[in-house]
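Only one structure is covered here, and it is reproduced in the block below.
The values are calculated or read from the model by the stated rules, or taken from the named source; none is laboratory data. Because the structure is a prediction, the values reported are computed rather than measured. All Cβ positions, glycine included, derive from the backbone under ideal geometry; neighbour counts span all protein chains shown. What goes into the accessible areas is simple: the full protein's heavy atoms, side chains included, and nothing from ligands, DNA or RNA. Shrake-Rupley method; radii C 1.70, N 1.55, O 1.52, S 1.80 Å.
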Amino acid sequence: VVAEHMALHQALVVAVGSPRLERLYASLAAETRLGLVRLRAVYADREVLVAEHRDLLDAIGNGSPEEARRAMAAHLDHGWGE
């Protein structure tokens, strides 16, 4: 699940089309992986995480920039738990 999650993050970064952002993300990827490993306890049900990502991708692909920002903020707010 962590590998799939990392692949989604990488795809989002690549989709932006900024080599500078890709370099920045590459330097943060190890820290991101550690965070995602921690999320296994928060997202005990993998389908909840999948649904959140699906909603996020739909907002990015079909919605306004503001809708995409709201979806991203909601996803980030949910993830870390207590």
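Conditions tested, residue by residue: (1) open to solvent by 60 Å² or more (accessible area, probe 1.4 Å); (2) of a type in the set (Phe, Trp, Tyr); (3) in contact with a helix residue (DSSP H, G or I) (Cβ under 7 Å, 6 or more places away or on another chain).
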| position | (1), (2), (3) |
| --- | --- |
| 6 | no, no, yes |
| 11 | no, no, no |
| 33 | yes, no, yes |
| 39 | no, no, yes |
| 46 | yes, no, no |
| 52 | no, no, yes |
| 66 | yes, no, no |
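Take the range 68-80 and flag every residue that is surrounded by fewer than 13 Cβ atoms within 10 Å (Cβ to Cβ) and either in a helix (DSSP H, G or I) or in contact with a Cys (Cβ under 9 Å, 6 or more places away or on another chain) (or both).
73, 76, 77
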Can you work out which of the residues in the range 20-31 that are at pLDDT 90 or above and of a type in the set (D, E, K, R) is surrounded by the fewest Cβ atoms within 10 Å (Cβ to Cβ)?
-> 20
